Every structure is written in structure tokens, then in C-alpha cells.
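Peer 1: Next up is a structure, given as C-alpha cells.
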Amino acid sequence: MFAIRPRRSALYMPGSNPRALEKARGLACDMIVMDLEDAVAPEAKDDARTIIAAALAEGGYGGREILLRVNGPDTPWGHADLAFAASQRVDGVVLPKVESGDGARRAEAVLAAHGAPEGLGLWCMLETPHGVLAAQDIASATPRMTGFLLGTSDLAKDLHCLHTPDRLPMITALGLCLLAARAYDLAILDGVYLDLDDTEGFEASCRQGREFGFDGKTLIHPKTLEAANRMFAPDAEAVAWARKISQAHAAALAEGKGVLLVDGKLVEALHVAEAQRLLTLADGIAALAVESAC
């Protein structure tokens, strides 16, 4: 099962840009995705690895979860990227355009061959019809599997569908990915929102993503961090209720009671589990906030 930690905002940062990686140390994002793929020109791929290695060696990213997006295995840089990732201080490796469990396992084999630690997680981007249809196979491919990131722009292109505000044309694809992720206890992050000037539309997309069940949103600009963090965080009322349930459950266990009532409502094991998840998430968010303030 993936660790319960804040994943409200995952900001893509170009690996070939040292200033961007420096700036990321002070940004209020839960996750940083250092990118060797789309954000890096072909002639800059090799230099980007050197730049990322230097940034990671310097550190200073605190409790943020650090992912490294590599190039696909069918590119001239894919194998070298995986070999590089195996030796870096990152929490996970992001594979683009994964379309089968075999694809994930082949990437894992390269990581293992180059000495990747057991704790290095694998994240797969689902951004094609084949990838969506293979979501369950991918989710169960390897114990390293930690989560999915959706590539909704590429998916919409392949589906020949429109980017409507309600995303109804993609609802089947989104649902299949969510079902596979939750069936195998994986994290899952929603796709990017491309119109950076449409604040209202972005917030609506975040709200919908949370309603669907996503853990957070992938982002392409720091200006969207505040809204993503706010929209995907549990609200104060939910946290207060979760704390009340958790405390009542602890008291009931101490007294040997088998039935738990809180404010006249029957509380079952599923409610306690969800309350504890929310509290763990809220504590993680609070810890990141304190860290950012220091």
C-alpha cells in the first residue's frame, strides 16, 4: 500500500533548468517531478541528468516527495535515464506512456540491475487508450508500483475528444484508472490543466478531481500551487470530525465496547479507517506547512 502523505500538488520542473530546480526548494508543493522527458530538448538530455544530480546532491527539498520523470524505453535516452535514476536520492521514478505491465516490469529490471534501492517507487503515466485499458495489469505489475499520473492532454488527443469543463468525454478512462489504482492501493494524480489564465476553470477542475477521488493534481506552473493545495486538502470540519471519531474509537476499545456511537451516529470500522487516513494526511500537510514557514 502506498504511504499516506500529502500529494495535493505535483509540480513538473524542467531538469535542464538549474534556476527552476533551485526555486523549487522554496515552493509550497507537496511533490516535485524533475523532468527529463517533455520539458527537456533532445540536445539537452545528457546535461539535464548532470544538473539534476547536482541539485539532488545539494538537497534542501525538505519533506517534499521527489520524483524523476524519465524518457520512454524506446527513445535514445530511456535506458540511460533509468540507470541514472537508480543511483539518485529520489522517492520514485515516473515512466511515461506505459501501456502494459510488461513495460513496467522491464523498466524495473533496469533499475534493479543498476542497484536501485528497494524503497525506490515506480509511478506510471497513463496517457493512451492502451494504457487505460491495461490499467489493472500495470497496477499489479510490481511491488515497486506506487501510483499513477494521468496524461489527460495526450489521452484527449488519442480519443479525438473535446476538453469540456465536465470532462464527460474522458469519464470512462478516468474511472478505469481510478478503479485500478484503488484496487491495488496506489496513489493517483489528475492530469494538468493547460490554461494558466483560467483560474476559475482550474479550481473547478481541482474540485472535480477531488470529487472523483484523485489524491492531487499534476501542475506546470507555481501560480497554481495555492489553489491545488487548498482544493485537495481535507477541510477543517472533516478533520475535526475525524479526530472526534478516532478519539471515541480509542476510548471504546479501552472500555471493551463493541458498538461505537458518536453524536448519535453509528460508527463502524470503515469510518474509523477513513478518519485515521484523513488525520494522517492532515498531519502531513501541517508538517509541510511548518517546514515551509521556517
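Peer 1: Quick check: the angle from helix 236-254's long axis to the longest principal axis of the chain, C-alpha only, nearest 10 degrees?
Peer 2: 60 degrees
Peer 1: For the residues ARG8, ARG167, ARG49, what sequence is obtained by ranking on other C-beta atoms within 10 Å, fewest first? List each step's numbers first, then the result.
Peer 2: Details: ARG8 29, ARG167 20, ARG49 23.
If I rank by nearby Cβ atoms, fewest first, I get ARG167, ARG49, ARG8.
Peer 1: Give me the three principal axis extents of the range 236-293 from the C-alpha atoms, as integers in angstrom, largest value leading.
Peer 2: Projected onto its principal axes, the Cα set of the range 236-293 covers 42, 21, 16 Å.
Peer 1: Using the number of other C-beta atoms within 10 angstrom as an exposure proxy, rank CYS29, CYS177 with the fewest first. Please list the in-between numbers first.
Peer 2: On the way: CYS29 25, CYS177 28.
If I rank by nearby Cβ atoms, fewest first, I get CYS29, CYS177.
Peer 1: Where does each of ASP190, ASP198 land when they are ranked from fewest to most other beta-carbon atoms within 10 angstrom?
Peer 2: Numbers: ASP190 29, ASP198 13.
Result, fewest neighbours first: ASP198, ASP190.
Peer 1: For a label point 7 angstrom out from the Cα of PHE212 toward its Cβ, which stretches of the range 27-43 have the backbone nitrogen within less than 13 Å?
Peer 2: none
Peer 1: Excluding residues on the same chain fewer than 8 positions from LYS223, give the lysines whose Cα lies under 21 Å from its Cα.
Peer 2: Correct list for LYS223: LYS23.
Peer 1: Enter the angle in degrees (range 0 to 90, nearest 10) between the Cα long axis of helix 45-58 and the first principal axis of the Cα atoms of the chain, meaning the one along which they spread out most.
Peer 2: Relative to the chain, helix 45-58 is tipped by roughly 50 degrees.
Peer 1: With labels modelled as points extended 7 Å from the Cα through the Cβ direction, what inter-label distance (nm, one decimal) is found for HIS79 paired with ALA273?
Peer 2: Placing both labels 7 Å along Cα→Cβ, they lie 4.4 nm apart.
Peer 1: Could you give the length gained by full extension between VAL262 and LYS23, i.e. 0.36 nm per residue of separation minus their alpha carbon distance, to one decimal place?
Peer 2: Stretched out fully, the VAL262 to LYS23 stretch lengthens by 81.4 nm.
Peer 1: Students often forget the sequence filter, so: which lysines lie under 18 Å Cα-Cα from LYS244 once same-chain residues fewer than 8 apart are removed?
Peer 2: Here the lysines satisfying the reach criterion relative to LYS244 are LYS257, LYS265.
Peer 1: Take the Cα pairs of the range 97-222, get the Kirkwood Rh, then feed it into Stokes-Einstein at 10 °C and 1.306 mPa s and tell me D in µm²/s. Please report the intermediate quantities before stating the final value.
Peer 2: Values: Rh = 15.1 Å.
Approximately 105 µm²/s, per Stokes-Einstein.
Peer 1: Quick check: convex hull of the Cα atoms in the chain, volume per residue, rounded to a whole Å³? Don't jump to the answer; show the numbers that get you there.
Peer 2: Working: hull volume 44.5 nm³, N = 294.
It comes to 151 Å³ per residue, whole-number rounded.
Peer 1: Also: Give me the dipole magnitude in Debye, nearest 20, for the range 9-232 about the Cα centre, with unit charges on the beta carbon: positive for Lys and Arg, negative for Asp and Glu.
Peer 2: Working: 20 positive and 32 negative charges, 79 e Å.
Computed about the Cα centre, the dipole is about 380 debye.
Since every read-out is calculated from the coordinates, none of them should be taken as a lab result. Just so we're clear, the structure is a prediction, and the values are computed from it rather than from any experiment. With ideal geometry, Cβ positions are generated from the backbone for all residues, glycine too; neighbour counts draw on all protein chains shown.
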